[in-house]
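First the structure, in the form of structure tokens, and then the observations on it.
The values are calculated or read from the model by the stated rules, or taken from the named source; none is laboratory data. For clarity, every value in this text was computed on a predicted model and none was experimentally measured. So basically every Cβ, Gly included, is an ideal-geometry build from the backbone, and we count neighbours across all protein chains shown. Surface areas here come from the heavy atoms of the whole protein model, side chains and all, with no ligands, DNA or RNA. Shrake-Rupley method; radii C 1.70, N 1.55, O 1.52, S 1.80 Å.
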Amino acid sequence: MRLSLIAPLPHLVGGSEAHIVGELTKPLAQPLPRRPRVVIVGGGFAGLHAAKGLAHLPVDVSVVDRRNHHTFQPLLYQVALAVLSPADIAQPIRTILRRQQNTEVLMDEVTGIDVVARQIALASGAQLPYDYLVLATGATHSYFGRNDWAPFAPGLKTIEDATEIRRRVLLAFELAERQMVEHGWHPPLNFVVIGGGPTGVELAGAIFDIVQLYMRHDFRHIDPAKARVLLLEGSPRVLGAYPEDLSAKAEAALGRLGVEVHTHTHVTGIGPGWVEAAGKRVDAAVTLWAAGVEASPLGKLLGAPLDRRGSVLVDDRLNPPGMPEVFVLGDLAHLEQDGRQVPGVAQPAMQMGDHVAKILAADLAGQPRPAFRYFDKGDMATIGRMDAVARLAWPFKAHWSGFPAWATWLTVHIFFLIGFRNRLSVFAAWIWTYFTFTRGARLITGDQRLPGWQEQLDAGPAEALAERENQGP
């Protein structure tokens with residue numbers, strides 16, 4: 001702004017210094033136009049789609065995220081099970097938005113929101129003003145009030161979660177091999193997955209994939225294929241949000257793989273190396289949590305009405321009550337449509353992000369804001385290699401399972417991952433790994449201890465043998 005004022009100075013040459021200063025400090029006849037500032041908090045699907053939609057509007061955009069990368073979450077479980085490396089499904093936010101001249105990226109964390117002053121407080125101490133605020137920070141794990149279970153049963157929401165799960169799963173086999181060499185026995189290789197939603201089903205199926213196909217011939221003293229995978233679900237069926245026929249087919253597919261599915265089974269305790277459910281305790285080399293989520297705590301900073309999961313109640317313009325300049329998207333938003341809540345998955349999040357850009361375009365043009373309506377294209381979940389279930393709602397309605405559903409899943413993810421990464425070579429490497437089993441991201445980093453492993457060693461081989469004979473949780 002100063003440069004625009006200094007530019008006309010040549011006509012003042014020869015004048016007095018006081019005259020020049022007076023010209024520079026003279027109030028403007030009309031205020032200088034200022035472009036609206038849009039602050040987007042969260043670099044997930046919703047936040048990125050909102051930012052991309054604003055690329056050609058006369059606004060200034062600031063994208064704030066505490067991490068510098070966007071994660072393609074539908075394939076996160078494959079990082080957790082060492083099929084893919086983190087770099088295959090993540091890309092820096094700054095790189096994704098580098099061609100947008102009206103957009104800046106700030107790696108920081110929001111600690112406060114002042115809706116009256118229209119500014120947010122950052123962990124760095126800065127205050128960031130806004131004309132429009134877009135909150136799209138997603139969800140995190142919910143242990144239903146038992147946060148003391150978290151150290152023993154990690155969930156899967158971030159790259160950090162995935163690498164921790166990968167460490168525990170791979171380390172269990174390494175420790176078993178070492179124990180077998182040293183003492184001729186090892187604790188049971190039981191993998192317990194708590195929660196029968198899409199994440200739990202995919203994790204359980206992927207564990208069997210890697211032990212039967214990727215690691216089967218890598219060990220000399222243990223047989224990874226003999227590992228047990230238990231899937232515990234408190235409701236009557238897995239994939240409870242899917243149609244009943246697909247739920248039944250998913251459970252049957254898991255059974256064919258060898259996953260032990262236990263429905264109507266509520267977990268009552270989790271500790272180092274064990275899980276308690278249905279009145280029994282089972283040793284667990286690795287326990288994974290996929291049973292519940294809650295909204296990001298950022299929603300509470302708004303002071304708006306929340307649902308029981310902490311999601312912000314919004315209207316069909318994606319605004320909390322009385323806050324037309326604030327938009328809440330994705331998992332953080334609770335939006336009712338046709339008497340049902342819009343699901344907190346990737347497709348609604350992307351559509352919400354696109355719609356915010358349409359609303360801001362309407363505001364700038366002085367037109368009424370269009371209402372948001374979720375366009376349901378369906379759901380799908382993989383169950384190991386070459387198997388999946390899919391509910392298609394567009395371009396036609398159908399329920400698929402088996403290889404056709406898996407091929408549909410693969411096609412959809414090829415399209416979205418390449419569109420996101422714009423690097424065909426990365427996806428080609430993934431395809432090669434997936435079909436040839438020749439390599440994977442089987443790297444163990446960090447601590448070489450597992451919760452409860454030493455306790456099982458101290459218990460001795462008699463107890464381990466008795467546990468192998470116990471087939472139920």
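Of the strands (runs of 3 or more DSSP E) contained entirely in the range 23-105, those carrying at least 1 residues that are at pLDDT 95 or above and either under 30 Å from residue 443 (Cβ atoms) or among the small types (Gly, Ala, Ser) (or both) fall at 60-65.
For the range 415-454, a tally of residues being open to solvent by 50 Å² or more (accessible area, probe 1.4 Å), over 25 Å from the mean Cα position of the chain (by Cα) and at pLDDT 80 or above returns 3. The set of residues from the range 323-335 being at pLDDT 95 or above and open to solvent by 30 Å² or more (accessible area, probe 1.4 Å) comprises just one member, 324.
So, restricting to strands (runs of 3 or more DSSP E) that lie completely within the range 216-327, which ones have at least 2 residues that are over 25 Å from the mean Cα position of the chain (by Cα)?
260-262, 267-271, 274-277, 280-283
The numbered conditions (1) among the basic types (Lys, Arg); (2) in contact with a strand residue (DSSP E or B) (Cβ under 9 Å, 6 or more places away or on another chain); (3) surrounded by fewer than 16 Cβ atoms within 10 Å (Cβ to Cβ) are all true for residue 280 except (2). In the range 106-131, the qualifying residues are those that are among the polar types (S, T, N, Q) and part of a strand (DSSP E or B), and the one that is farthest from residue 55 (Cα to Cα) is 111.
Report whether or not residue 192 is in a helix (DSSP H, G or I) and either touching a residue at least 12 places away in the same chain (Cβ under 8 Å) or surrounded by fewer than 20 Cβ atoms within 10 Å (Cβ to Cβ) (or both). Talk me through it step by step, then tell me what you get.
On the way: in a helix (DSSP H, G or I): no; either touching a residue at least 12 places away in the same chain (Cβ under 8 Å) or surrounded by fewer than 20 Cβ atoms within 10 Å (Cβ to Cβ) (or both): yes.
In short, no.
Per the conditions (1) modelled with pLDDT under 90; (2) surrounded by fewer than 15 Cβ atoms within 10 Å (Cβ to Cβ); (3) of a type in the set (Lys, Arg), the sole criterion not satisfied by residue 385 is (2). I'd like the residue in the range 336-345 that is assigned to a strand (DSSP E or B) and open to solvent by 60 Å² or more (accessible area, probe 1.4 Å) and, out of all such residues, is nearest to residue 369 (Cα to Cα). Looking at residues that are assigned to a strand (DSSP E or B) and open to solvent by 60 Å² or more (accessible area, probe 1.4 Å), I get 336. Entry remark, the range 303-322: residues being open to solvent by 10 Å² or more (accessible area, probe 1.4 Å) and aliphatic (A, V, I, L, M) number 4 in total.
Within the range 199-215, track down each residue that is outside any loop (DSSP other than H, G, I, E, B), over 24 Å from the mean Cα position of the chain (by Cα) and not polar (S, T, N, Q). Within the range 199-215, 211, 213, 214 meet the criteria.
The residues listed here are 51, 46, 87; of these, the one that is within 30 Å of residue 164 (Cβ to Cβ), hydrophobic (A, V, I, L, M, F, W, C) and open to solvent by 50 Å² or more (accessible area, probe 1.4 Å) is 87.
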